[in-house]
Amino acid sequence: MDDPRWLSPQEQRAWRAHLAAHRLLSHQLDRDLQDSGLSLNDYEILVNLSESPDHRMRMSELADATIQSRSRLSHQISRMEAAGLVTRMNCEDDRRGTFAVLTDHGWTTIQKVAPGHVFSVRSHFIELMTPEQVTALEEIYKPIIAHLQAIRPAR
């Protein structure tokens, strides 16, 4: 790589503001979920499963959706299985594949916890911006997301 193209002072401030906002917001959302006994990672998995057909996903697809390694997700699912939130089921058409499946307790939990989480997202994020800023933020992130998804290694 040639000489780095350093960030300008404004670019540096924007980058650091993004990092700080992301860390602080994730920390706050995680704290707000503590009373439910869920972590933000648990919640993300429950949301993915609750929005999937039959409330189940292949473990490999769930790892991709939550941007976790297969091994990290496996440990996370084991903890969630112990809590009765999910279970694993073998894939009938692929003996090597495994599904993560939302249990009745997991479904009840996500239904109970989701309103508080949405309140937290609104309080600490959405309501701090105007509707125009929310639209602008979505437009700002679209090309970044598209770029990063395009260069993400296939698994």
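When region 39-65 is filtered for residues that are touching a helix residue (DSSP H, G or I) at 6+ places or on another chain (Cβ under 8 Å), without any contact (Cβ under 8 Å) to a residue 40 or more places away in the chain and either part of a helix (DSSP H, G or I) or surrounded by 17 or more Cβ atoms within 10 Å (Cβ to Cβ) (or both), the ones remaining, listed by number, are 40, 41, 48, 62, 65.
All of 78, 74, 69, 36 fail the test of being among the hydroxyl-bearing types (Ser, Thr, Tyr), in contact (Cβ under 8 Å) with a residue 12 or more places away in the chain and out of contact with any Ser or Thr (no Cβ under 8 Å at 6 or more places or on another chain), apart from 74.
Here's the yes/no breakdown for (1) touching a strand residue (DSSP E or B) at 6+ places or on another chain (Cβ under 9 Å); (2) hydroxyl-bearing (Ser, Thr, Tyr); (3) part of a loop (DSSP other than H, G, I, E, B):
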| position | (1), (2), (3) |
| --- | --- |
| 75 | no, no, no |
| 79 | no, no, no |
| 89 | yes, no, no |
| 99 | yes, no, no |
| 118 | no, no, no |
| 122 | no, no, no |
| 141 | no, yes, no |
| 144 | no, no, no |
| 147 | no, no, no |
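When we screen 13, 58 for residues that are out of contact with any Gly (no Cβ under 6 Å at 6 or more places or on another chain) and of a type in the set (Lys, Arg), the only hit is 13. Name the single residue, out of those in region 18-44 being within 12 Å of the chain's Cα centre (by Cα) and not acidic (Asp, Glu), that is nearest to residue 103 (Cα to Cα). Ranking the qualifying residues of region 18-44, first place goes to 43.
Residues in region 90-104 that are surrounded by fewer than 13 Cβ atoms within 10 Å (Cβ to Cβ) and either charged (D, E, K, R) or at pLDDT 95 or above (or both): 6 in all.
The values are calculated or read from the model by the stated rules, or taken from the named source; none is laboratory data. What you are looking at is a predicted structure, and each value in this text was computed from that prediction instead of being measured. Ideal geometry is used to build each Cβ from the backbone, glycine not excepted, and the neighbour counts take in all protein chains shown.
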